[in-house]
1. Sort through 64, 76 and tell me the only one that's more than 24 Å from residue 117 (Cα to Cα), out of contact with any strand residue (DSSP E or B) (no Cβ under 6 Å at 6 or more places or on another chain) and either crowded, with 16+ Cβ neighbours inside 10 Å or in contact (Cβ under 8 Å) with a residue 40 or more places away in the chain (or both).
2. Quick one: residue 86 ticks every box in (1) touching a residue at least 24 places away in the same chain (Cβ under 8 Å); (2) over 24 Å from residue 11 (Cβ atoms) except a single one, so which number is it?
3. Just need a number here: residues in the range 116-134 that are touching a helix residue (DSSP H, G or I) at 6+ places or on another chain (Cβ under 6 Å) and over 15 Å from residue 25 (Cα atoms).
């Protein structure tokens, strides 16, 4: 299945034989401390910056219904974010709360994002549009 939207991702996750746990890492774009004039201009144009993870959450795919709901829940935290990275993993039967595996995977996602290794995740902007990020 070709995933072109958050709704496509939900459909694909819910079509899997095993229930899927969706892992979200919300990140905020920041201007690096030591930056060039070009980096400043790209950041000001909202086309650049360093992505800093600000919060993580996991949810069962079957409990998700729209990006708008996810965005509203994130707004209620009071934390600012620009990009949300998403990955999925098999949910363990009978586990509705965070498991050790989920926590470990979220920490691994955060570390990967901090290192700029984002190719294994889907990313969406605040409007729910699937975006492709390019490391520079």
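Taken together, the values in this text are just the output of simple stated rules run on the coordinates, not laboratory data. Quick caveat: nothing in here was measured; it's all calculated off a predicted structure. Every residue, glycine as well, gets a Cβ built from its backbone with ideal geometry; the counts of neighbours run over all protein chains shown.
1. 64
2. The one condition residue 86 does not meet is (2).
3. Within the range 116-134, residues that are touching a helix residue (DSSP H, G or I) at 6+ places or on another chain (Cβ under 6 Å) and over 15 Å from residue 25 (Cα atoms) number 0.
Results for (1) without any contact (Cβ under 8 Å) to a residue 12 or more places away in the chain; (2) in contact with a helix residue (DSSP H, G or I) (Cβ under 8 Å, 6 or more places away or on another chain); (3) buried (at least 16 other Cβ atoms within 10 Å of the Cβ); (4) within 22 Å of residue 92 (Cβ to Cβ), shown as yes or no for each residue.
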position: 6; (1), (2), (3), (4): no, yes, yes, no
position: 15; (1), (2), (3), (4): no, no, no, yes
position: 29; (1), (2), (3), (4): no, yes, yes, no
position: 33; (1), (2), (3), (4): yes, no, no, no
position: 37; (1), (2), (3), (4): yes, no, no, no
position: 44; (1), (2), (3), (4): yes, no, no, no
position: 48; (1), (2), (3), (4): no, yes, yes, no
position: 51; (1), (2), (3), (4): no, yes, yes, no
position: 58; (1), (2), (3), (4): no, yes, yes, yes
